[in-house]
Amino acid sequence: MRLPSRPGDGPGQRLDPSGRYDGIVNLHLAQRIAAVITAIATPCVIIGAAVLLFLNPVWIGFEQDRSDVARITGYTPAEVHDVTGSILSDLVFGPPNFAATVNGAAVLDARERSHMVDVRTVTMTLGLVALVATVLLVAIGLASRGRRWFWRAVGTGGSVLVGGVIVVGIAFALFFDQAFELFHEVFFPPGTYMFDPRTERLVQLFPDQFWSETTVAIALAVLLLALGVALGARRLGREPAESPTAAGEAQS
């Protein structure tokens, strides 16, 4: 597939024959649609990549050690890591049994296992969205042959995500409990995600400190990735006359 191009849309060209500026208003309809899809797909890809950085036994084990999960659960550190590894494997690879045991006793009760099935459904759905967004982004990038309108759309998506992370980050910093509750209300059925930290292992294995620090880490990763994408895409989407080199040549 190759998206239609206009004169002036290629490298080293700024204006089309009619003298109009090479901007999104002068794009073909297919290019405009592709640009919108690109701007929407870019944040999805960035968020998906950031989450993948932390959805692994190394980070989770590190945060559980910081949160003193072994003391909270009464398990040994080795048992904590074994149980968590089993839960993580069921979450990512399936089947979603979540039937981990310690000394022959089930770690999670029926309600906790049911909630983890819901968590897996949400995780797989969001993962599918990120995967589709990645495929679309790569396909449009190849079809556009990396023209400036594509990179401008990528930059727009990255910039919007930077603003979104800042706003959401402030909200989480000021109202973490309320924001965390709202997240669960959006993605999970009512009453299925409330557990007693005194008796139920799921919230003992993943306590508040684990979630607050992991949320901060993911937010920082998204922010840095989005900033890098926005700045890099802006550079690639810049008109030749806008570049520092061209500006210096114009002054000389």
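Data overview
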quantity: Total formal charge among the other residues, if their Cβ is under 15 angstrom from that of residue 64, Lys/Arg +1 and Asp/Glu -1; calculated: -4
quantity: Extended-chain gain in nm, criterion 0.36 nm per residue less alpha-carbon gap, residue 180 and residue 196; calculated: 4.1 nm
quantity: Spin-label pair residue 138/residue 168, simplified geometry with 7 Å Cα→Cβ offset, distance in nm; calculated: 2.4
quantity: Relative contact order, percent, region 115-225 [alpha-carbon distance under 8 Å, six or more residues apart]; calculated: 30
quantity: Radius ratio Rg over Rh of region 28-242, counting only Cα atoms, Kirkwood formula for Rh; calculated: 1.05
quantity: Label-point gap, in nm, between residue 238 and residue 30 - each point 7 angstrom along Cα→Cβ; calculated: 3.1
quantity: Extended-chain gain in nm, criterion 0.36 nm per residue less alpha-carbon gap, residue 86 and residue 118; calculated: 9.9 nm
quantity: Unit charges at the beta carbon, dipole of region 28-242: most positive-side option, 60, 116, 222; calculated: 222
quantity: Burial ordering of 63, 79, fewest other beta-carbon atoms within 10 Å first; calculated: 79, 63
quantity: Region 28-242: relative contact order in percent, alpha carbon pairs under 8 Å with at least 6 residues between; calculated: 35
quantity: Whole-Hz couplings from phi, Karplus 6.51/-1.76/1.60, listed for region 194-209; x for Gly and Pro; calculated: 9, 9, 8, x, 7, 10, 9, 6, 4, 7, 7, 6, 10, x, 4, 4
quantity: At R0 = 45 Å, FRET efficiency that the Cβ-Cβ distance of residue 227 and residue 110 yields, to 0.05; calculated: 0.55
quantity: Chain lengthening between residue 125 and residue 220 when straightened (0.36 nm per residue, less Cα-Cα); calculated: 31.9 nm
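Laboratory data are not the source of any read-out in this text; all were calculated from the coordinates shown. These numbers come from a predicted model, not from an experiment. Counting neighbours? That spans all protein chains shown, and the Cβs are built from the backbone with ideal geometry, glycine included.
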